[in-house]
Structures are given as structure tokens and as C-alpha cells.
Amino acid sequence: MEDQILLEQLSLSVLRTISDGQYSLKKICSALYLSRSQLHRRVKKMTGMSTTLYIRKIRLEKAKELLLADTGAKISDIAIMVGINSAQNFSKYFKQQYGVTPSHFKKMNQRAYKNEQASSIDLNPSAGHGKQDFGTVL
């Protein structure tokens, strides 16, 4: 199996079962028809990370997507959704990966979204600069 394909299959395997925090490396190896040491060696060669850290990275990327989507879910619920059963560990891992806690990341995202929305609204269309030419309709 080519290394890039292996990483894609590993990622898909993790994403399919992402909410299952008990989905073990043993099951992943079995699904990929590799021993634990073969998988570790190949993942380490491609990513510079252990298999466990690579899987955690996939989980945290999904958590980041959920935080950006502003689903309204609590941080502890998002942790469980991505298969990290401890909110404390989730917060620690997230901060290691992205430099901010999940709650701070969520607040920053909400502020940025509100600022983006406010700047895209023309509050004074009669000033002339908001005038649009729709052209001629035939």
C-alpha cells in the first residue's frame, strides 16, 4: 500500500468512527491489514508523528471544524463527538495543537464572524457609494 493512500485510509477510518473514543489502534491496524509497528513506522515516516498523535490531530481538526461551524454544542460535547472522552484532555490537546483553548477559539471565531457580517452590510445606501448598476434586462 502506497504511503499517501495509507494516510488517506487511516484518516477515513478515524473519521468514520470519530465519536468512538474506544476505537483502538488494534482495530485500525486490523482494518488496514498492517501490524502496529508497520503502521507506526509508515505514519512516522510520512508525518513525523506517532500514529497516536496523528490520530489525535485528525480528531482535533474535526473539532476545529465543529467549533467554526458554531453548532451551539458545548466544548465538552464537541470533545465527545470527536472521540476524546475527557474535556480536560481535549482542552489541553487543542491548546497544544492550535495555541489557544477551544473556548477561546470559539469566542475568537464568533467575534470574527460578527465583524465580517457587520462590514459587509451597507448602512447608508443613499450615500451613493452603495449604488448598484444592474444593467439592462432584455
| said: Under 9 Å between Cβ atoms, which residue pairs at least 6 apart in sequence (or on different chains) link something in segment 24-40 that is assigned to a loop (DSSP other than H, G, I, E, B) with a partner that is not acidic (Asp, Glu)? | reply: TYR33/MET1; LEU34/MET1; LEU34/LEU6; LEU34/ILE28; LEU34/ARG42; SER35/CYS29
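Would you say VAL43 is assigned to a loop (DSSP other than H, G, I, E, B), at negative phi and at pLDDT 90 or above?
Working: assigned to a loop (DSSP other than H, G, I, E, B): no; at negative phi: yes; at pLDDT 90 or above: yes.
Considered against the rule, which asks whether it is assigned to a loop (DSSP other than H, G, I, E, B), at negative phi and at pLDDT 90 or above, VAL43 comes out as no.
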| request: Go through segment 10-20 and give me each residue that's over 15 Å from the mean Cα position of the chain (by Cα) and surrounded by 15 or more Cβ atoms within 10 Å (Cβ to Cβ). | output: LEU10, SER13
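The values are calculated or read from the model by the stated rules, or taken from the named source; none is laboratory data. Because the structure is a prediction, the values reported are computed rather than measured. Methodologically, a virtual Cβ is constructed for each residue, glycine included, from the backbone with ideal geometry; neighbour enumeration extends over all protein chains shown.
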